[in-house]
Structures are given as C-alpha cells and as structure tokens.
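The structure appears right after this line, and notes come after that.
The values are calculated or read from the model by the stated rules, or taken from the named source; none is laboratory data. This structure is a prediction, so every number in the text was calculated from the model and none was measured. Positions of Cβ are generated from backbone atoms using ideal geometry, with glycine treated the same way; all protein chains shown enter the neighbour counts. Just the protein is used for accessible areas: all its heavy atoms, side chains included, with ligands, DNA and RNA removed. Shrake-Rupley method; radii C 1.70, N 1.55, O 1.52, S 1.80 Å.
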Amino acid sequence: MCTWQGVYILLCISFLITCGKPEEDGYPPGHMEPLGSHMPPIEIEVRESVPNPVEFYQKYIKPGKPVVMKEAAKVFENYKTWKNDTYLREKYGDWFISVEVGKYEGSVFGNDIEIPFRIFIDYYKEKNIYLITDIVKDNPMRDEVSLLKSMACGGYAELVDSVMLFYSSASTQSALHMDDFENMHCLFDGQKEWVLFDRKIRDKIPRMENYPQYGAMDCRKVDMLKYPIIQELPWHHAFLEPGDCLFVPWGWPHHVKSYGNKRNMAVAIWFGPVERPRTTDCPDNMEDLPSSVPLGRRYIEKISKLRNHLYGYFAEDSDKCSKDRFMQIKMDQLDELEKRNETENEILLSSFDVLDLNKDGFISIEELENIPKDCEMLDKMEIKENIYHEHKVVKKTRKSDEL
C-alpha cells in the first residue's frame with residue numbers, strides 16, 4: 001500500500017529528475033545566479049601583517065595584486081569612535097549629505113536625496129538608504145582619518161584623491177565597476193564579500209553604454225545567455241570582517257555585497273597610481289614606522305587629479321594611449337546629445353592635442369608627468385568633486401527668550 005510518505009518521496013525524485021540543475025537543462029553554469037556562480041574563485045592573498053611602504057609597492061602596487069590585511073584597521077583611533085552612532089551624530093550631524101535610496105547601486109540605478117547626516121544616522125537602520133560619499137578635505141571628519149603603515153611615508157599621502165565613506169544597515173550590493181585609483185578599503189563594522197576580476201581582462205567585460213565604468217549585467221542574477229563571455233572569465237574572491245583592510249589595484253572590476261547586524265561601515269582611501277615610492281621621508285629602519293599616521297586635510301592638486309584619472313585610459317601593460325582609444329573612452333562617457341555636438345568633439349580633440357606633447361598620436365606616461373601646470377584645458381577636463389557644507393538646526397524660540 002502506497003503511503004503519503006512514499007508519494008512525497010516519489011514526487012521529490014520526479015522533481016529532481018525533471019528540474020535538475022540549470023546546466024542540465026541546457027543553461028550554462030551561473031545562469032540567472034549571483035555573479036561568481038559560474039566557476040570556483042581564486043582566493044585573494046590574506047596576510048596577518050601590514051607591509052611597509054616599499055614592500056607594499058613592490059609586492060602589490062607594481063604587479064597590480066590585491067591583498068587582504070587582517071585586522072589592520074584596528075590601529076586607527078577612529079576605529080572605535082566611528083562605531084558609535086551617537087558620537088557621529090553629535091559631532092558631525094550638521095554635515096549635509098547625498099544619500100542613495102535603495103541598496104543596489106543607487107547612484108546609477110536609483111535616486112539620491114539630500115539630508116543632514118544626523119537624519120541619516122537616525123533612520124538608516126529602518127529605511128532603505130545607503131551612504132556612499134567622499135569625506136572631502138573641508139570636512140572635519142578628515143581630521144580623524146589615518147593611513148596604514150603601508151602609506152606612512154614614500155609620498156603616498158600626497159597622492160590621496162578621495163576618502164570614501166560607506167555606511168548602511170548592510171544588505172547592500174554594488175554593480176560591477178572599476179575605479180581609476182588604487183583603493184585601500186578598510187572595514188569598521190559588518191562583513192563584506194568581494195567578487196573581483198583581474199584588470200588584464202577588464203576589456204572583455206560588457207559595459208553599460210552611458211556608464212562605461214560599470215558592467216552591463218545585473219550582478220544579482222547574471223543572464224549568461226545575454227553575456228556568455230562571463231562564463232570564461234576567472235574571478236577572485238575576498239571576505240572582510242571588522243578591522244580587515246583590502247587593497248584593490250586600480251582598474252580591477254569588482255562587485256561588493258555587505259552583511260552584518262544592522263550596521264555596516266567602511267572607509268576607503270583612493271590614491272595613486274604610484275610610479276615608484278619616494279623613500280626620502282622614510283626612516284632608515286622601516287621597523288621604526290608607526291602603525292598609522294593621520295591623513296589630515298591633505299588634498300591632491302588639480303593637475304595630479306587629472307593625471308591619475310588619465311592613467312586609467314592606458315591598456316594593461318602599455319605605457320601609451322592612442323588617440324583612437326582616448327576618443328573612444330571619452331565618447332563612451334557622453335550621452336547621445338553630447339556625442340552629436342560638434343563643439344564637444346572639438347574639445348576632446350583639442351584635449352588630446354594638448355596632452356600629446358610630442359605630437360606622435362599617442363599620450364605617454366612621460367607626457368602625463370609633464371602636463372604644464374598652466375595648461376588651459378585643465379579646467380575643461382577637471383574631475384568634479386563633492387563640496388562640503390552644513391545644515392544647521394534652526395530652533396524656534398519664544399518672544400521672551402529673545403529679550
């Protein structure tokens with residue numbers, strides 16, 4: 001006699017035979033699954049110590065190799081203070097910020113709202129909002145930011161472009177994207193999982209038409225039929241816990257997911273690219289370096305900011321950028337109306353001609369290093385940055401209080 005348990009088992013077997021895994025139905029591995037499901041990952045190196053500035057350059061920056069430094073951020077003075085929402089609210093609550101609504105790359109796929117920092121702190125655990133912003137040089141929070149020993153000397157501090165703050169109740173996901181800068185990403189609270197691709201294969205990744213720094217696919221469920229090239233691309237994996245720092249070389253496409261118990265915070269230092277570290281300001285014995293140094297309100301010069309941005313135009317293992325490549329990258333950054341604008345095209349051509357100092361049809365690293373400081377095209381090519389301003393609380397008073 002067939003019992004209900006037997007029927008249930010038969011139904012389960014039938015379901016497995018009928019449905020099976022996606023690839024058994026003719027779909028490729030990872031189809032409509034999270035990015036990285038298509039093949040096992042390459043685990044990123046994890047080290048317990050923090051390299052000195054020279055070792056950092058030789059082992060990781062120069063070869064473009066990511067690395068996780070366990071518990072490195074715990075030496076920062078603000079590692080403890082910034083874990084306290086009350087402290088941040090009372091000290092920096094007037095900071096007026098732009099907040100993303102939604103937790104999947106709102107700046108591209110969603111909307112932003114502008115609110116005081118204190119309002120964000122009051123509601124980020126309840127509302128579907130996410131803060132990703134540059135702590136610009138005029139922001140007093142900069143006074144609490146420090147650099148690891150790896151960047152304590154050697155000229156790294158002078159190359160810092162941005163100090164990015166990532167702050168949420170976790171469960172956020174970024175789109176696949178790449179940055180023009182070296183990235184020292186330190187986690188203060190929560191957990192983060194990273195999917196990264198070597199920059200040597202970045203040109204194989206399908207890009208968004210109007211946002212070429214972003215991948216075209218939805219990282220939450222990758223359509224492998226629409227983007228079959230993804231199936232062939234090896235990927236790297238890193239997992240961060242509180243106190244861990246991850247160095248991500250410039251140009252490495254990455255997708256990040258955050259986890260945690262209602263609080264996730266990270267601070268990332270964007271800097272470089274670095275041609276070579278200068279050791280004239282370093283002690284003879286690198287062991288004498290402090291575990292961290294304050295960044296303060298240093299800022300990168302406009303010409304250095306432009307130079308660092310243009311390094312991203314160079315193909316991997318190339319020290320030159322052709323006019324065709326320069327124009328294509330620039331055109332990819334324009335909308336359809338701007339692409340049809342003859343004046344805009346003339347500006348791009350003029351920009352290339354100014355940078356091509358020897359007029360050989362290429363921009364070289366040497367030419368970038370020798371951009372004239374009085375170059376008239378700098379203002380037109382300048383990368384815009386956020387402006388710091390505050391939103392003071394206006395308290396209503398009784399007439400008697402004013403007397």
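Residues of segment 234-290 that are closer than 28 Å to residue 125 by Cα and hydroxyl-bearing (Ser, Thr, Tyr): 258, 259.
In summary, residue 163 fulfils each of the numbered conditions (1) over 16 Å from residue 76 (Cβ atoms); (2) under 12 Å from the mean Cα position of the chain (by Cα) with the single exception of condition (1).
Of all residues in segment 39-57, those satisfying the criterion of being in a loop (DSSP other than H, G, I, E, B) and open to solvent by 30 Å² or more (accessible area, probe 1.4 Å) are 39, 40, 41, 48, 49, 50, 52.
Looking at this structure, is residue 205 among the aliphatic types (A, V, I, L, M) and open to solvent by 30 Å² or more (accessible area, probe 1.4 Å)? When the stated conditions are applied, residue 205 does not pass them.
If you filter segment 65-75 down to residues that are open to solvent by less than 70 Å² (accessible area, probe 1.4 Å) and in a helix (DSSP H, G or I), you find that the one that is farthest from residue 242 (Cα to Cα) is 75. Among the residues of segment 49-89, just one is in contact (Cβ under 8 Å) with a residue 24 or more places away in the chain, in contact with a strand residue (DSSP E or B) (Cβ under 9 Å, 6 or more places away or on another chain) and among the polar types (S, T, N, Q), namely 78. No other residue among 253, 228, 212, 242 is closer than 16 Å to residue 35 by Cβ and open to solvent by 10 Å² or more (accessible area, probe 1.4 Å) apart from 228. In this structure, does residue 323 turn out to be modelled with pLDDT of 80 or more, open to solvent by 50 Å² or more (accessible area, probe 1.4 Å) and closer than 29 Å to residue 65 by Cα? Yes; evaluated as a whole, the condition is true for this residue.
Restricting the search to helices (runs of 4 or more DSSP H) fully inside segment 76-165 and requiring at least 3 residues that are open to solvent by less than 50 Å² (accessible area, probe 1.4 Å) and among the β-branched types (Val, Ile, Thr) gives an empty result. Exactly one residue out of 114, 100 is among the charged types (D, E, K, R), closer than 25 Å to residue 246 by Cβ and in contact with a Ser or Thr (Cβ under 7 Å, 6 or more places away or on another chain): that is 100. Scanning segment 166-197 for residues that are polar (S, T, N, Q) and open to solvent by less than 20 Å² (accessible area, probe 1.4 Å) yields 168, 169, 172, 174, 183. Return yes when residue 60 is part of a helix (DSSP H, G or I), touching a Gly at 6+ places or on another chain (Cβ under 8 Å), surrounded by 15 or more Cβ atoms within 10 Å (Cβ to Cβ) and of a type in the set (Ser, Thr, Tyr) and no when it is not. It is false that residue 60 is part of a helix (DSSP H, G or I), touching a Gly at 6+ places or on another chain (Cβ under 8 Å), surrounded by 15 or more Cβ atoms within 10 Å (Cβ to Cβ) and of a type in the set (Ser, Thr, Tyr).
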